[in-house]
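Asks: Structure incoming, see below.
Derivation of every value follows stated rules applied to the coordinates shown; laboratory data play no part. What you see is a predicted model, and the numbers here were worked out from it, not measured in a lab. Every residue, glycine among them, receives a Cβ derived from its backbone with ideal geometry; neighbour counts consider all protein chains shown.
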Amino acid sequence: MNQPTSGAANQDGSISVRRSTHSPIFTLVGAFVLVALLTAAPWIFSAQFATTLTNFFILVIMATMWNLLAGYAGMVSIGQQAFVGLGAYATLYLALKGMDPFVTIPLAAVVCAAISYPVTYLLFRLRGGYFSIATWVVADTAMLIIGTIAVLGGGTGRSMPGLQNLSPSQTAHDSYLATWFVALIVVAGTYYLLRSRLGLVLASIRDNEVAARSSGANVRSARRLVFVIAAAGCGAAGAVLVISQPFVQPSSVFNLQWAAEMLFVSMIGGLGTIEGPIIGSAIYFVLQQTLQQQGAWYLIIFGSIAVVVALWQPRGLWGAFRDRFHTELLPVGHWVDNIKSPE
């Protein structure tokens, strides 16, 4: 009995499995051109556009990490801003100790990963909505603790040291390149992670957690590892955030708005896909630049779009496109050709 296909069936009745429905050469060439173009962006585009791209890539980093949590590991967090803020303040602290702020970016990611590991032993006792609310509590607790540390500026904040010798244009140039390379590492790392054995475990958890457990998958360990990775990515996002906007304030870097934006762009673009957060971030920034003069209507339109997509395209725009045209730019699953029963 024939099944819907992504290609022709083998004549001997065997099953043909492949990663993509198109040649990977086109993807590699396109990726190389795009990477080269975005690396050269500060020399090609205006400073204002480069700044917009910096903010865009910061959101891409956050949304990719949030999508890894919710779209693949089934952990809906509304407290990832905790690690954005902790990454920002780790960068500030290390810069106060005399380190170059750009050198502190990977260290900020490591600090957030180290903090997140023991936090999982508290959060993983909870499920569903209780888990989500608990992540928010963790974020607010981290903000309150940071606000009591005088050397970090307390609740009023503090300027980032180590950038005074750079001109505004040089700061914008270097912060763009740092943010772009972090975004590239995060997206590429997520892609290779999802193609690994861990990615297979995450896909099974996303589809059916009970079946994954019964098949021998260590669900708790996989989720813990993903949570730590997502915390490190958000910490790196916080680090490049405070370098591009060199004033650190608890109410800004621990803002719940970051969680709302992560959720919005992931849902609009498509949960459980690598391309979804990128496309959702692009849509968000286009709408933001177009509607920012509309006052309160700005938020109403964003909310309406989210409701419409949730009701009519729950898989997101990229998810709907992929299902319709059987196309993936960054394939992490498999396509199975027609199965033809042997005669």
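Asks: Can you check what the Kirkwood hydrodynamic radius comes to for the chain, Cα pairs only, in Å to one decimal?
Replies: 21.3
Asks: Points 7 angstrom from Cα along the Cβ direction at A150 and L311: gap in nanometres?
Replies: Distance between the two pseudo-spin positions: 5.5 nm.
Asks: Then there's this: If a/c stays under 1.5 just call it rounded; otherwise compare a/b with b/c (prolate if a/b is bigger, oblate if not). Do that for the stretch 139-180, with a ≥ b ≥ c from the square roots of the Cα gyration tensor eigenvalues.
Replies: oblate
Asks: Using only the alpha-carbon atoms, how far is helix 316-325 inclined from the longest principal axis of the chain? Give it as 0 to 90 degrees, nearest 10.
Replies: For helix 316-325, the angle is close to 30 degrees.
Asks: Ratio of Rg to Rh for the stretch 157-290, alpha carbon only, Kirkwood?
Replies: 1.04
Asks: Among H173, V76, V253, whose Cα lies farthest out toward the positive end of the dipole of the chain, if unit charges sit on the beta carbon of Lys, Arg (+1) and Asp, Glu (-1)?
Replies: Highest projection toward the positive end goes to V76.
Asks: Tell me what the chain gives for mean residue ellipticity at 222 nm when only DSSP H runs of n ≥ 4 count, each as -39,500 (n - 2.57), the sum divided by the residue total, rounded to 500 deg cm²/dmol.
Replies: -21500 deg cm²/dmol
Asks: What whole-number distance in Å separates the alpha-carbon centres of the stretch 254-279 and the stretch 232-246?
Replies: 17
Asks: Taking 8 Å as the Cα distance limit and 6 or more residues as the minimum spacing, I'd like the relative contact order of the chain as a percentage.
Replies: Value for the chain: 36 percent.
Asks: With a ≥ b ≥ c the root eigenvalues of the C-alpha gyration tensor of the stretch 41-93, is it rounded (a/c under 1.5), prolate (a/b larger than b/c) or oblate?
Replies: oblate
Asks: Between rounded, prolate and oblate, where does the stretch 58-185 land on the alpha carbon gyration tensor, with a ≥ b ≥ c its root eigenvalues, rounded for a/c under 1.5, else prolate if a/b exceeds b/c?
Replies: Oblate is the answer for the stretch 58-185, as a/c is 1.5 or above yet b/c matches or exceeds a/b.
Asks: May I pose another question? Testing the spin-label approximation: label points 7 Å from Cα along Cα→Cβ at F49 and V76. State their distance in nm.
Replies: 3.9
Asks: Roughly how many nanometres apart are two label points built 7 Å out from the Cα toward the Cβ at F124 and K97?
Replies: With each label point 7 Å from Cα toward Cβ, the separation is 2.8 nm.
Asks: Sticking with this one: If one takes the longest principal axis of the Cα atoms in the chain, at what angle in degrees, from 0 to 90 and to the nearest 10, does the Cα axis of helix 275-291 lie?
Replies: Computed tilt is about 50 degrees.
Asks: I would also like to ask the following. Assign unit charges at the C-beta atoms only (+1 for Lys and Arg, -1 for Asp and Glu), then state the dipole size of the chain relative to its Cα centre in Debye, rounded to the nearest 20.
Replies: Value, rounded to 20: 600 debye.
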